[in-house]
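Enquirer: I have a structure I would like to understand better, so I am pasting it below and will then ask my questions one at a time.
The values are calculated or read from the model by the stated rules, or taken from the named source; none is laboratory data. Note that the structure is a prediction, hence the values are computed from the model and not measured. No Cβ is skipped: glycine too gets one built from the backbone with ideal geometry, and neighbour counts run over all protein chains shown. Accessible surface areas use protein heavy atoms only, side chains included; no ligands, DNA or RNA. Shrake-Rupley method; radii C 1.70, N 1.55, O 1.52, S 1.80 Å.
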Amino acid sequence: MAIVISIILGILVGYIVNLYNEFENSKEKPYKWYLEIFYKKIKYLVVELATIIMFIIAFYKVGTINSLYFEYIFILSIILAATLVDIRIKKIPNKIILIGFFGLSVFILINFSAIYIISSMIGIVVTLIILTPISIISKGSFGMGDVKLYSLSGGFLGVNGLLSCLFFSTMLAAITGMILIFIKKVEKKTTMPLAPFILLGTVITIIFI
């Protein structure tokens, strides 16, 4: 039954993420909530499938549907939404980050304890201390949107989870970049969207954390 719930939630959240991405991509014209967005393009189905898979992974990791399960699917959903926008315009909207931190605040209130609060705050602060100087030095190739998304991930996963996410995401990004340069799909100075790799790093961290 829990798997069925995860699948249904994955479909619903995937649909909402697709709607949001369509909205961000259609600001110049009145937005219409068509059901056809659900099946209109292959990429929408890919997002739906990816959301379902991530939610099932979260369930198998937690073993039940509880607060931790909803934390996992929430942060994954936020990073997925950021990923779609980042791929398209290479920018992560602040509204996504704000929604993410609002959700984190809600979960802190639900799971109110000193350990939970300290873990979240350390994850956020460590992220900002480590990555903000890198963003400044890189002069835009590593944007503050990426820093904020990492800090949000650190707020949910704690400092150990953050370091794991940071390791896997940067490693995957580096490998992907080298492959793309080798096959001459991009140039050395080309800036890649980092949100997809933050999403993969978060998924891997949730599996092994």
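Enquirer: Which count do you get for residues in the range 79-105 that are in contact with an Asp or Glu (Cβ under 7 Å, 6 or more places away or on another chain) and either among the aromatic types (F, W, Y) or in a helix (DSSP H, G or I) (or both)?
Expert: 1
Enquirer: Restricting to the range 20-55, count the residues that are modelled with pLDDT of 70 or more and of a type outside the set (S, T, N, Q).
Expert: Adding up the residues that qualify gives 18.
Enquirer: Which of the residues spanning the range 111-129 are assigned to a helix (DSSP H, G or I) and touching a residue at least 40 places away in the same chain (Cβ under 8 Å)? First the steps, then the outcome.
Expert: Step one: list which residues in the range 111-129 are assigned to a helix (DSSP H, G or I), which gives 114-129.
Result: S119, single match.
Enquirer: Out of all the residues in the range 3-12, is one or more surrounded by 19 or more Cβ atoms within 10 Å (Cβ to Cβ), at pLDDT 85 or above, in a helix (DSSP H, G or I) and within 15 Å of the chain's Cα centre (by Cα)?
Expert: Keep residues of the range 3-12 that are surrounded by 19 or more Cβ atoms within 10 Å (Cβ to Cβ), which gives 6, 9-10.
Keeping just the survivors that are at pLDDT 85 or above gives 6, 9-10.
Keeping just the survivors that are in a helix (DSSP H, G or I) gives 6, 9-10.
So of that shortlist, the ones also within 15 Å of the chain's Cα centre (by Cα) come out as 10.
Yes; the residues of the range 3-12 include at least one that is surrounded by 19 or more Cβ atoms within 10 Å (Cβ to Cβ), at pLDDT 85 or above, in a helix (DSSP H, G or I) and within 15 Å of the chain's Cα centre (by Cα).
Enquirer: Can you go through L76, L68 and tell me which one is free of Cβ contacts under 8 Å to residues at least 12 places away in the same chain and either surrounded by 14 or more Cβ atoms within 10 Å (Cβ to Cβ) or part of a helix (DSSP H, G or I) (or both)?
Expert: Numbers: L76 fails: free of Cβ contacts under 8 Å to residues at least 12 places away in the same chain.
Residue meeting the stated conditions: L68.
Enquirer: Here is a follow-up. Across the range 130-150, which residue is nearest to F197 (Cα to Cα) among those that are hydrophobic (A, V, I, L, M, F, W, C) and either assigned to a helix (DSSP H, G or I) or open to solvent by 60 Å² or more (accessible area, probe 1.4 Å) (or both)?
Expert: As a first pass, look at the range 130-150 and keep what is hydrophobic (A, V, I, L, M, F, W, C): 130-131, 134, 136-137, 142, 144, 147, 149.
Subsequent filtering for residues that are either assigned to a helix (DSSP H, G or I) or open to solvent by 60 Å² or more (accessible area, probe 1.4 Å) (or both) retains 130-131, 134, 136-137, 144, 147, 149.
Details: I130: 18, L131: 16, I134: 17, I136: 20, I137: 21, M144: 16, V147: 13, L149: 11 Å.
Residue satisfying both the conditions and the ranking: L149.
Enquirer: Please enumerate the residues belonging to the range 47-82 that are closer than 14 Å to I16 by Cβ and touching a Phe, Trp or Tyr at 6+ places or on another chain (Cβ under 6 Å).
Expert: Passing the criteria: I73, A81.
Enquirer: Continuing with this model, one more query. Would you mind stating whether I108 is under 15 Å from the mean Cα position of the chain (by Cα) and part of a helix (DSSP H, G or I)?
Expert: Values: under 15 Å from the mean Cα position of the chain (by Cα): no; part of a helix (DSSP H, G or I): yes.
Criteria not met by I108.
Enquirer: Which of the following residues is at pLDDT 95 or above, touching a Ser or Thr at 6+ places or on another chain (Cβ under 9 Å) and hydroxyl-bearing (S, T, Y): S141, S77? Lay out the reasoning, then the answer.
Expert: On the way: S141 fails: at pLDDT 95 or above.
None of the others qualify; the one that does is S77.
Enquirer: While we're looking at this one, here's another question. Of everything in the range 114-125 that's touching a helix residue (DSSP H, G or I) at 6+ places or on another chain (Cβ under 7 Å) and closer than 9 Å to S151 by Cβ, which residue is surrounded by the most Cβ atoms within 10 Å (Cβ to Cβ)?
Expert: It comes out as G123.
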